[in-house]
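*Asks:* Mind looking over this structure? Questions follow.
The values are calculated or read from the model by the stated rules, or taken from the named source; none is laboratory data. Since the model is a prediction, treat every value here as computed from it, not as a measurement. So basically every Cβ, Gly included, is an ideal-geometry build from the backbone, and we count neighbours across all protein chains shown.
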Amino acid sequence: MKNRNQRPGSPRLRTPKRPPASPSRPPRPPAADLHIHTTHSDGVCSPCEVVIAAANIGLSALAITDHDTLSALAVARPEAVRLGLELVGGIELTAEFEGREVHILGHFVRDDEPALVAATTALRRDRVERLKGMVGRLAALGLSVDLTALGRAFPRATLGRRHLAEWLVRSGQVSGHREAFTRYLGDDGPAHVPKPRLAGAVAIALIQAAGGVAGLAHPSYDLRELTLRGLVDAGLGSIEVEGHGMDARRGQRLRAWADRYRLIPIAGSDFHAGDRPGRWIGSITTPGADLDRLRERATRPPLPPGGDSGEPIVPEDCDPGRYLPA
Ligand SMILES: [Zn+2]
Ligand SMILES: [Zn+2]
């Protein structure tokens, strides 16, 4: 199970112990991957694994930005401290603005902020209802999903379409994820139920109240300047200016808008799993100078390395070699 996705012959990534910098090789400039998912939402690597992977790649910082949950941060923090890596408290909130879904990233948020924690708890509760709705629709189409077993298979995840697709594949009811989405679970598919979403301005306000900087994730290709201005008026502080499938021209336009509206340009891999080529941890990064600007714009000091929740931290699987390229 542990090594099921490891490619034959690929060397397993070892847990690094921060070797002293080699005198012959200049240190890499600071770079941060500010958009990473873990098993606490819909990623396949545990919080601890993504920290180890980021250290292996030579990043100076990473942000875990799970969908609508902060729970990975407390688990990842001790590992980041051990490896001397900066862990930026992050989240990706599912929101709606002008009738469309937008994803609002939060960076340097504190994971002990009651309002943000309460909002994410409510979102996840609504997600459970959504999941049950989709399972009901699949059943009406002649497909079966055992929700209890699905929960056991992904014990910490916020279950969603990706997990349903995985179930359908593993149980042989579809040939692959593509079929699961094109026939059933895609946005226009007969089993799809829309995701619960926060109002965009509420998502931004929650992130600010938690001390963080709110950023627009993967801006849509048809994002209008007027829409962006509306988000800026609501308190947006950063915007992703690089991403998979985003060409250089589009990136330039986003950077120009970032300049015009004093938004900090940010970037990250949006890493979920090894099955999305080119989206490995560290494949897209934010330079150290922009990370510094983001840190300066945050309004509350981050939690201390050990956190202060007093909750015991349950160790989780740590084997980044499973999903990372050789
Ligand atoms: Zn997103
Ligand atoms: Zn994401």
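*Asks:* Across segment 75-98, which residue is nearest to ligand 2 (Cβ to nearest atom) among those that are buried (at least 22 other Cβ atoms within 10 Å of the Cβ) and over 24 Å from residue 264 (Cβ atoms)?
*Replies:* Among residues in segment 75-98 that are buried (at least 22 other Cβ atoms within 10 Å of the Cβ) and over 24 Å from residue 264 (Cβ atoms), the one nearest to ligand 2 (Cβ to nearest atom) is 75.
*Asks:* Report, ordered by the first and then the second residue, all pairs with beta carbons closer than 9 Å, sequence separation of six or more or different chains, a first member in segment 102-121 that is assigned by TED's automatic domain parsing to the domain that holds residue 238 and within 16 Å of ligand 1 (Cβ to nearest atom), and a second member that is of a type in the set (Phe, Trp, Tyr) and at pLDDT 95 or above.
*Replies:* Taking only residues 6 or more apart or on different chains, the pairs are 104/97.
*Asks:* Same structure again: Going by the structure shown, is residue 66 within 14 Å of ligand 2 (Cβ to nearest atom), surrounded by fewer than 24 Cβ atoms within 10 Å (Cβ to Cβ), in the same structural domain as residue 213 (by TED's automatic domain parsing) and of a type outside the set (Ser, Thr, Tyr)?
*Replies:* So residue 66 does not fit the description; no.
*Asks:* Looking at 214, 256 in this structure, which one is under 19 Å from residue 93 (Cα atoms) and either touching a Ser or Thr at 6+ places or on another chain (Cβ under 9 Å) or at pLDDT 95 or above (or both)?
*Replies:* The unique qualifying residue is 214.
*Asks:* Is at least one residue of segment 221-236 of a type in the set (Ser, Thr, Tyr), surrounded by 17 or more Cβ atoms within 10 Å (Cβ to Cβ), within 16 Å of ligand 2 (Cβ to nearest atom) and within 15 Å of residue 103 (Cα to Cα)?
*Replies:* The answer is no, given that none of the residues of segment 221-236 is of a type in the set (Ser, Thr, Tyr), surrounded by 17 or more Cβ atoms within 10 Å (Cβ to Cβ), within 16 Å of ligand 2 (Cβ to nearest atom) and within 15 Å of residue 103 (Cα to Cα).
*Asks:* Which helices (runs of 4 or more DSSP H) does segment 139-213 wholly contain that include 2 or more residues that are assigned by TED's automatic domain parsing to the domain that holds residue 107 and not β-branched (Val, Ile, Thr)?
*Replies:* Those helices (runs of 4 or more DSSP H) span 200-209.
*Asks:* Looking only at segment 99-111, decide whether some residue is assigned to a helix (DSSP H, G or I), closer than 22 Å to residue 215 by Cβ and within 16 Å of ligand 2 (Cβ to nearest atom).
*Replies:* no
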